[in-house]
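Scroll down for the structure; my scribbles are underneath it.
The values are calculated or read from the model by the stated rules, or taken from the named source; none is laboratory data. Since the structure is predicted, the reported quantities are computational estimates derived from the model, not experimental observations. Reconstructed Cβ throughout: ideal geometry from the backbone, glycine too, with neighbour counts over all protein chains shown.
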Amino acid sequence: MRVSATSLRLAAAFGEGVYTENCPTREALTRVTSRWAPLLLAALSDGEPLRWNELRHRASGITDKMLSQTLRTLEADGYVHRDARPVVPPHVEYSLTPDGVELTERLVDLMIFVSNRALGSAPAATRLAD
C-alpha cells in the first residue's frame, strides 16, 4: 500500500491522534476555519491595526455578535492582539500577533485555492459546471 506524503506529514506531527474525537487539533481547526475567522484574519493582514467598524465593514454580512465572538476567540487563541486604550470614548484596535501572521499566510493560500475553484478556474470545477 502506497502512503502519500500528506499522510506521512500528518502521522509525523500527530500520530493517529488527529483522527480521534478528543484531539485538541480538531477544535483549534474548527475555530480558525470558522465562517468568519479567515476573513477577519485576512482583513488584518496588511499590518495596520483596525478598529471594530473597519473590521465589520471588511467582513460584509457579519453580525455584531459574531464579530465580537470571533475576535474574542482569535484573541484567546493568540492570533489577534486587542489594544484597548483607556480614553473616552473607548478606542480599541485589533492587529495580528506573530502567530496570527503565520496562520494568515497559510490561510490565504487556502482561500485563493478555494476561490479559484469556486470561480471555475480549476478543471474539476469546470467539469462539474457542465
Of the residues that sit in region 90-130 and are at pLDDT 90 or above and either in a loop (DSSP other than H, G, I, E, B) or basic (Lys, Arg) (or both), which one is nearest to Pro38 (Cα to Cα)? Arg106
Looking only at region 22-34, decide whether some residue is at negative phi, at pLDDT 95 or above and charged (D, E, K, R). no
Going through region 75-103 in order, the residues found to be touching a strand residue (DSSP E or B) at 6+ places or on another chain (Cβ under 6 Å) and either touching a residue at least 40 places away in the same chain (Cβ under 8 Å) or surrounded by fewer than 12 Cβ atoms within 10 Å (Cβ to Cβ) (or both) are Val80, Asp83, Ala84, Arg85, His91, Val92, Glu93, Tyr94, Ser95, Gly100
For residues that are touching a residue at least 24 places away in the same chain (Cβ under 8 Å) and in contact with a strand residue (DSSP E or B) (Cβ under 9 Å, 6 or more places away or on another chain), scanning just region 51-69, find the one that is surrounded by the fewest Cβ atoms within 10 Å (Cβ to Cβ). Arg51
When only residues in region 34-50 that are free of Cβ contacts under 8 Å to residues at least 24 places away in the same chain and over 11 Å from Met66 (Cβ atoms) count, which is farthest from the chain's Cα centre (by Cα)? Asp46
Region 23-32: number of residues that are in contact (Cβ under 8 Å) with a residue 24 or more places away in the chain, exposed (fewer than 12 other Cβ atoms within 10 Å of the Cβ) and either touching a strand residue (DSSP E or B) at 6+ places or on another chain (Cβ under 9 Å) or of a type in the set (Val, Ile, Thr) (or both): 0
The helices (runs of 4 or more DSSP H) lying entirely within region 1-83 that contain at least 3 residues which are closer than 14 Å to Leu103 by Cβ are 24-32, 37-43, 64-76
